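Read through the structure below, which is laid out as structure tokens, and then see the notes.
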Amino acid sequence: MTVVTDLAPATETEVAAILSECHARRRPVRILGGGTRVENRTLGEPLSLSRLSGVVTYSPGEMTLIARPGTPLPQILAMLAAENQTLAFEPPDMRAILGRSGTPTLGGMVAANAGGPRRILAGACRDHLLGVRFVDGQGRILKNGGRVMKNVTGLDLSKLLAGSHGTLGVLTEVALKTLPLSPARTTLAFPGVDDTTALRIFTAALSTPYDVSGAAHVGGTAYLRIEGLDGQRAYRRDRLLALLAEYRPEVVDDAPWDAIRDVTHFVGGGPLWRILCRPTDAPGLCAGLRAMGGDCSLDWGGGLIWYRGPGHPRALAPHATLIRRADAVGPAFPPLPGAVARIQDGLRRSFDPAGILNPGLMASDATGA
């Protein structure tokens, strides 16, 4: 057997050769993209995808993009913007809050299922995936969706890979749908409101047909974003201003949305948690979290809480993920409920029976769940 020593593959075939040998030798690897994430694990040799880069094809007329995982995300977004298109789920740039200087990549975005404030309207990254090619933990090249062969397993592998953080396989090619850039945006601000009032505003606005594309609460101000052609946007703005008049809305500049997307209001030290919840639970959870001595913000109409501060939020919110921490050891993700954990572990055994892909990242790796 040829011993593979280069863990910086430039082709899908090289990825397969590396993982086949690592599987045979039970040699764990940790998958690296653009170096924008804090390492939360110590196991495994680095497997860099920086050389597996480049756009395979981009068809603006068909609104489809196919590219390799190491392709820098800023390069992708600039190329799309030149054609008046974008990735509608608004992927965030986490470098500022993590204190990192790397470059976000397409593969990292998909692996994290990243999405910003527009998720409430456009969905998550996985909702825009047309297909993927990847290599599993046994060195098998697999493909699903898009322009590749029909998936006869009944599983939508693209959806499984999105958000799996590299624990099911190493992406080698990603196909995504693109969408036109919004021609204009308007933001309504509601200063001086608490979490409960912000949720009332979100509930009222998101119950309308006015395509609200952002609903966040930061620093005591609630924000709503509306988009569209000038006539559409003006109509939606006026209707929302009338509907929410009791909360004294103001029309403001659109600038806060980049900061909300990238959570730059929590730049600096201290643990930072990302908490998923039912929007109706958000005010109560935020009250409990603030009682622990930290601060919160809301996004996704209350479905996403960012918490910076001391304590252990999982006592209140089981779906809490530690994004930034003082040390770099141990899993960042919460333990899953028993039934879900069994499904996750079954999938990982199917695609990576030797457990060589990003070991120690998930909570089940540490707890044995």
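The values are calculated or read from the model by the stated rules, or taken from the named source; none is laboratory data. Not measured: the values here are computed from a predicted model. All Cβ positions, glycine included, derive from the backbone under ideal geometry; neighbour counts span all protein chains shown.
Take the residues in segment 202-233 that are assigned to a helix (DSSP H, G or I) and in contact with a strand residue (DSSP E or B) (Cβ under 7 Å, 6 or more places away or on another chain), then tell me which one is nearest to residue 290 (Cα to Cα).
202
Looking only at segment 67-102, how many residues end up being modelled with pLDDT under 95, surrounded by fewer than 19 Cβ atoms within 10 Å (Cβ to Cβ), assigned to a loop (DSSP other than H, G, I, E, B) and not charged (D, E, K, R)?
3
Here are some residues: 321, 280. Which one is out of contact with any Phe, Trp or Tyr (no Cβ under 6 Å at 6 or more places or on another chain) and not acidic (Asp, Glu)? Steps first, please.
On the way: 321 fails: out of contact with any Phe, Trp or Tyr (no Cβ under 6 Å at 6 or more places or on another chain).
Exactly one of 321, 280 is out of contact with any Phe, Trp or Tyr (no Cβ under 6 Å at 6 or more places or on another chain) and not acidic (Asp, Glu), namely 280.
I need the full set of residues from segment 117-139 which are farther than 15 Å from residue 257 by Cα and part of a helix (DSSP H, G or I), in order please.
Answer for segment 117-139, where residues must be farther than 15 Å from residue 257 by Cα and part of a helix (DSSP H, G or I): 122, 125, 126, 127, 128.
Just name the residue that is nearest to residue 11 (Cα to Cα) out of those in segment 47-63 that are touching a strand residue (DSSP E or B) at 6+ places or on another chain (Cβ under 6 Å) and of a type in the set (Ser, Thr, Tyr).
Applying the filter and picking the extreme gives 48.
In segment 207-233, what count of residues is obtained for those that are surrounded by fewer than 19 Cβ atoms within 10 Å (Cβ to Cβ), free of Cβ contacts under 8 Å to residues at least 60 places away in the same chain and among the small types (Gly, Ala, Ser)?
Taking segment 207-233 as the starting set, the residues that turn out to be surrounded by fewer than 19 Cβ atoms within 10 Å (Cβ to Cβ) are 207-209, 211, 219-221, 229-232.
Restricting the remaining residues to those that are free of Cβ contacts under 8 Å to residues at least 60 places away in the same chain gives 207-209, 220-221, 229-232.
Keeping just the survivors that are among the small types (Gly, Ala, Ser) gives 207, 220, 231.
Looking only at that region, the number is 3.
Can you confirm whether residue 73 is of a type in the set (A, V, I, L, M, F, W, C), more than 12 Å from the chain's Cα centre (by Cα) and more than 21 Å from residue 170 (Cβ to Cβ)? Give the derivation first.
Working: of a type in the set (A, V, I, L, M, F, W, C): yes; more than 12 Å from the chain's Cα centre (by Cα): yes; more than 21 Å from residue 170 (Cβ to Cβ): no.
No.
Please state which one of 174, 193 is farther than 21 Å from residue 274 by Cα, assigned to a loop (DSSP other than H, G, I, E, B) and in contact with a helix residue (DSSP H, G or I) (Cβ under 7 Å, 6 or more places away or on another chain).
Details: 174 fails: assigned to a loop (DSSP other than H, G, I, E, B).
Exactly one residue qualifies, and that residue is 193.
Please go through segment 103-116 and pick out each residue that is farther than 20 Å from residue 64 by Cβ and either free of Cβ contacts under 8 Å to residues at least 12 places away in the same chain or part of a helix (DSSP H, G or I) (or both).
Taking segment 103-116 as the starting set, the residues that turn out to be farther than 20 Å from residue 64 by Cβ are 103-104, 108, 111-112, 116.
Within segment 103-116, 108, 111, 112 qualify.
Given 322, 298, 336, 361, which one is part of a strand (DSSP E or B), at pLDDT below 90 and under 27 Å from residue 117 (Cβ atoms)? Steps first, please.
Details: 298 fails: at pLDDT below 90; 336 fails: part of a strand (DSSP E or B); 361 fails: part of a strand (DSSP E or B).
Being part of a strand (DSSP E or B), at pLDDT below 90 and under 27 Å from residue 117 (Cβ atoms) holds for just one of 322, 298, 336, 361, which is 322.
List pairs: first residue in segment 64-76 and under 19 Å from residue 127 (Cα atoms), second residue surrounded by fewer than 22 Cβ atoms within 10 Å (Cβ to Cβ) and of a type in the set (Phe, Trp, Tyr) anywhere in the structure, Cβ distance under 8 angstrom, at least six positions apart or on different chains.
From segment 64-76, the pairs are 64/58; 65/58; 66/58; 67/58.
Being assigned by TED's automatic domain parsing to the domain that holds residue 305, in a strand (DSSP E or B), charged (D, E, K, R) and crowded, with 19+ Cβ neighbours inside 10 Å is the requirement here; does residue 236 meet it? Give the steps one after another, and end with the answer.
Working: assigned by TED's automatic domain parsing to the domain that holds residue 305: yes; in a strand (DSSP E or B): no; charged (D, E, K, R): yes; crowded, with 19+ Cβ neighbours inside 10 Å: yes.
For residue 236, the condition - assigned by TED's automatic domain parsing to the domain that holds residue 305, in a strand (DSSP E or B), charged (D, E, K, R) and crowded, with 19+ Cβ neighbours inside 10 Å - is not met.
Kindly list, by first and then second residue, each pair from a residue in segment 259-275 that is closer than 16 Å to residue 300 by Cβ and of a type in the set (Gly, Ala, Ser) to a residue that is in a helix (DSSP H, G or I) and at pLDDT 95 or above, limited to pairs with Cβ atoms under 8 Å and residues at least 6 apart or on different chains.
Within 8 Å, the pairs are 259/265.
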